[in-house]
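J.: Pasting a structure below so you can have a look.
FYI, it's all coordinate maths here, none of it is from the lab. The structure displayed is predicted, hence computed values, not measured ones. Note that we place each Cβ from the backbone using ideal geometry, even for glycine, and neighbour counts take in every protein chain shown.
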Amino acid sequence: MSGHTFSAFDATVLKLSKIKNQSGSITAINNDNYLPFDIKRVYYLYDVPSGESRGGHGHRRLHQLIVAASGSFTITVDDGVVQRAFTLSNPDYGLYMPPGLWREMDSFSGGAICLVLASEEYSEDDYFRDYDNFKNYRLAL
Ligand code: TYD
């Protein structure tokens, strides 16, 4: 999918598996063709103080699936023209984020855990940290 330009409309909520019984539930995410990328890294965000926001960056190449493994939060996806907000609050749904989008995350509930499956290992080179740079990159596409 390299070379493809994604818009905010390509950010999509995917239903994940859920194996449920009286003693609880399991969601399994495999490195199969259900996700539009191969998983190379998993990380999670937690202990976010009330009122704090995260994100505030874009990625050049990274595909991600973002899951509210516990609690809830809102992700605003921005392609430089269109902004779309998604509230995640179910561990059996995940937001697929293609590359080339700015994101802000806020409205974290107490105890929220933001689980992220990512297509690449961590690389600072992949980040847009400055919104104006990001916007110029998008305008030049
Ligand atoms: P960052 O992605 O900027 O998080 P947020 O946008 O939620 O604030 O990462 C914050 C810090 O964590 C940054 O210094 C880089 C480091 N980090 C890693 O070392 N490895 C990782 O996989 C991630 C996601 C971040």
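J.: Using only helices, what value at 222 nm comes out for the chain when you add -39,500 (n - 2.57) per DSSP H run of length 4 or more and divide by the total residues, to the nearest 500 deg cm²/dmol?
T.: Rounded to the nearest 500, the figure is -2000 deg cm²/dmol.
J.: Taking only the Cα atoms of segment 33-141, how large is their convex hull per residue, in Å³?
T.: Spelled out: Cα convex hull of segment 33-141, divided by residues, is 102 Å³.
J.: Another one. How big is the dipole moment of segment 2-141 about its Cα centre under a simple scheme where the beta carbon of each Lys and Arg is +1, that of each Asp and Glu is -1, and everything else is neutral? Debye, nearest 20, please.
T.: 380
J.: Got a sec to turn the phi values of segment 123-136 into Karplus ³J(HN,Hα) couplings, 6.51 cos²θ - 1.76 cosθ + 1.60 with θ = phi - 60°, whole Hz, x for Gly and Pro?
T.: Using θ = phi - 60°, the values come out as 8, 4, 4, 7, 8, 9, 9, 10, 5, 5, 4, 4, 5, 5 Hz.
J.: Something else: How large is log10 of I(q)/I(0) for segment 72-115 at q = 0.13, 0.25 Å⁻¹ when the intensity is taken from the Debye formula with one equal scatterer per alpha-carbon?
T.: The computed values of log10 I(q)/I(0) come out as -0.28, -0.93.
J.: Collect residues whose amide H, placed 1.01 Å from N in the peptide plane, falls under 5 Å from the amide H of Gly55; neighbours closer than 5 in sequence don't count.
T.: Met105
J.: Let me ask you something else. Tell me, what HN-Hα J-couplings in whole Hz come from the Karplus equation 6.51 cos²θ - 1.76 cosθ + 1.60 at θ = phi - 60° for each residue of segment 83-88, using x for Gly and Pro?
T.: 10, 10, 10, 10, 9, 9
J.: If amide H atoms are built 1.01 Å from N in the plane of the peptide, which residues on other chains or at least 5 residues away come under 5 Å of the amide H of Leu101?
T.: Amide H neighbours of Leu101, under 5 Å, 5+ apart: His59.
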